[in-house]
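*Asks:* Following this message is one structure expressed as structure tokens.
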Amino acid sequence: MGEAERAEHAGQAEAERADSGRAVRTALVEEACRRSSVLWLDYAGLDRPRPAWHVWSEGAAYVVAENPTAAAEQPEEAENPRHPARTERTGQPDHPVARPEQALPGLAEVTEATVTCRSKDSGARLVTWRADVRRLRPGTQEWDDAVLLLRGDRLNATDAADLPARWARTAVIVRLAPSGEVLEEPGRMPGDRAAASPPGSPATTTGRLPWVVHKRPRHRPRLS
């Protein structure tokens, strides 16, 4: 075998190993996304990585999130008893309006994101990959297909019958397709825990804690 043939065989072997590695990474990403319904997303403009529930289908993850711009334009006063304008008239406590969908600000405007998948068993990071992000448009066949996928996994929906129409008005659906770039995988993980600090909250406990019946005494009772 000549020098040229040996070089050609070496190149073919290297290409086969690279293809095999890509296939393993692709299978790892798909298996991790199928086994866990929660992804951690990070993209430009986001203050911190955020969890997002999703549905995996046909080699991509589909995510539905609130659309703050569209939601702000909806006349909530007529249908929401907790709207501030209503609470002023009725004298009811002014509680914040619950968000019907998960908050992922700016997701509809980005074209790429970093996705981290967790282990279903331990909850630890399993694989981190780069995704191409594309927003789906209401009225298209792709949108309708995504709605069918997501609607089946949407928990605690109080308007299941009207869910597709509400999503078209006040939500966004995006498709996260693997770009082929895997940033972290078993055997290639950073040493830090990468745990994010919890976000600030105005919630606090005021006054004494409520008294509980049959609460275990703090001190051992005197025998006699």
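The values are calculated or read from the model by the stated rules, or taken from the named source; none is laboratory data. This is a predicted model, so every value here is computed, not measured. Ideal geometry is used to build each Cβ from the backbone, glycine not excepted, and the neighbour counts take in all protein chains shown. Side chains are part of the model used for accessible areas, which takes the heavy atoms of the whole protein and leaves out ligands, DNA and RNA. Shrake-Rupley method; radii C 1.70, N 1.55, O 1.52, S 1.80 Å.
*Asks:* Can you tell me which residue in segment 27-47 is farthest from Arg151 (Cα to Cα), limited to those that are open to solvent by 30 Å² or more (accessible area, probe 1.4 Å) and touching a Pro at 6+ places or on another chain (Cβ under 7 Å)? Step through it out loud before you land on a result.
*Replies:* In the first step, residues of segment 27-47 are kept if they are open to solvent by 30 Å² or more (accessible area, probe 1.4 Å); the result is 27-28, 30-31, 34-35, 37-38, 40, 42, 44-45, 47.
Restricting the remaining residues to those that are touching a Pro at 6+ places or on another chain (Cβ under 7 Å) gives 38, 40, 42.
On the way: Val38: 16, Trp40: 21, Asp42: 24 Å.
Ranking the qualifying residues of segment 27-47, first place goes to Asp42.
*Asks:* Additional query: Mind listing whichever residues of segment 19-40 are free of Cβ contacts under 8 Å to residues at least 24 places away in the same chain and of a type in the set (Val, Ile, Thr)? Even if it seems obvious, please write down each step before you answer.
*Replies:* Of the residues in segment 19-40, the ones free of Cβ contacts under 8 Å to residues at least 24 places away in the same chain are 19-21, 23-24, 27, 31, 34.
Matches in segment 19-40: Val24 only.
*Asks:* Among the residues of segment 145-155, is any charged (D, E, K, R), at pLDDT 95 or above, out of contact with any Gly (no Cβ under 9 Å at 6 or more places or on another chain) and assigned to a helix (DSSP H, G or I)?
*Replies:* Step one: of segment 145-155, the residues charged (D, E, K, R) are 145, 151, 153-154.
Restricting the remaining residues to those that are at pLDDT 95 or above gives 145.
Going one step further and asking which of them are out of contact with any Gly (no Cβ under 9 Å at 6 or more places or on another chain), we end up with 145.
Next, from what is left, pick out any that are assigned to a helix (DSSP H, G or I): 145.
Checking segment 145-155: at least one residue is charged (D, E, K, R), at pLDDT 95 or above, out of contact with any Gly (no Cβ under 9 Å at 6 or more places or on another chain) and assigned to a helix (DSSP H, G or I).
*Asks:* Enumerate the pairs (first residue in segment 133-152 and farther than 22 Å from Leu41 by Cα; second residue anywhere and assigned to a helix (DSSP H, G or I) and among the basic types (Lys, Arg)) with beta-carbon separation below 9 Å, excluding pairs fewer than 6 apart on the same chain, so at least 6 apart or on different chains.
*Replies:* Pro138/Arg169
The rows are residues; the columns are (1) among the charged types (D, E, K, R); (2) modelled with pLDDT of 90 or more; (3) touching a helix residue (DSSP H, G or I) at 6+ places or on another chain (Cβ under 7 Å).
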site: Leu41; (1), (2), (3): no, yes, no
site: Pro96; (1), (2), (3): no, no, no
site: Ala108; (1), (2), (3): no, yes, no
site: Ser122; (1), (2), (3): no, no, no
site: Leu126; (1), (2), (3): no, yes, yes
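*Asks:* Scan segment 123-138 for residues that are open to solvent by less than 30 Å² (accessible area, probe 1.4 Å), over 19 Å from Ser36 (Cα atoms) and assigned to a strand (DSSP E or B) and jot them down.
*Replies:* Of segment 123-138, the ones open to solvent by less than 30 Å² (accessible area, probe 1.4 Å) are 127-129, 131, 133, 136.
Of the ones still in play, those that are also over 19 Å from Ser36 (Cα atoms) are 133, 136.
Val133 - this is the single residue of segment 123-138 that is open to solvent by less than 30 Å² (accessible area, probe 1.4 Å), over 19 Å from Ser36 (Cα atoms) and assigned to a strand (DSSP E or B).
*Asks:* Any idea which residue in segment 48-89 is modelled with the highest pLDDT, counting only those that are open to solvent by 70 Å² or more (accessible area, probe 1.4 Å) and aliphatic (A, V, I, L, M)?
*Replies:* Ala72
*Asks:* With the requirement that a residue be open to solvent by 80 Å² or more (accessible area, probe 1.4 Å), under 14 Å from Arg134 (Cα atoms) and either in a strand (DSSP E or B) or of a type in the set (S, T, N, Q) (or both), what does segment 103-122 give you?
*Replies:* Pass one, segment 103-122, residues open to solvent by 80 Å² or more (accessible area, probe 1.4 Å): 109, 111-112, 118, 120-122.
Right, trim to under 14 Å from Arg134 (Cα atoms) and you get 109, 111-112.
Of everything in segment 103-122, those that are open to solvent by 80 Å² or more (accessible area, probe 1.4 Å), under 14 Å from Arg134 (Cα atoms) and either in a strand (DSSP E or B) or of a type in the set (S, T, N, Q) (or both) turn out to be Thr111, Glu112.
*Asks:* I'd like to verify a number: residues in segment 152-189 that are open to solvent by less than 50 Å² (accessible area, probe 1.4 Å), of a type outside the set (A, V, I, L, M, F, W, C) and out of contact with any helix residue (DSSP H, G or I) (no Cβ under 7 Å at 6 or more places or on another chain), how many?
*Replies:* 2
*Asks:* Give the residues of segment 139-151 that are of a type in the set (Gly, Ala, Ser) and surrounded by 12 or more Cβ atoms within 10 Å (Cβ to Cβ), sorted by residue number.
*Replies:* Hit for segment 139-151 is Ala146, nothing else.
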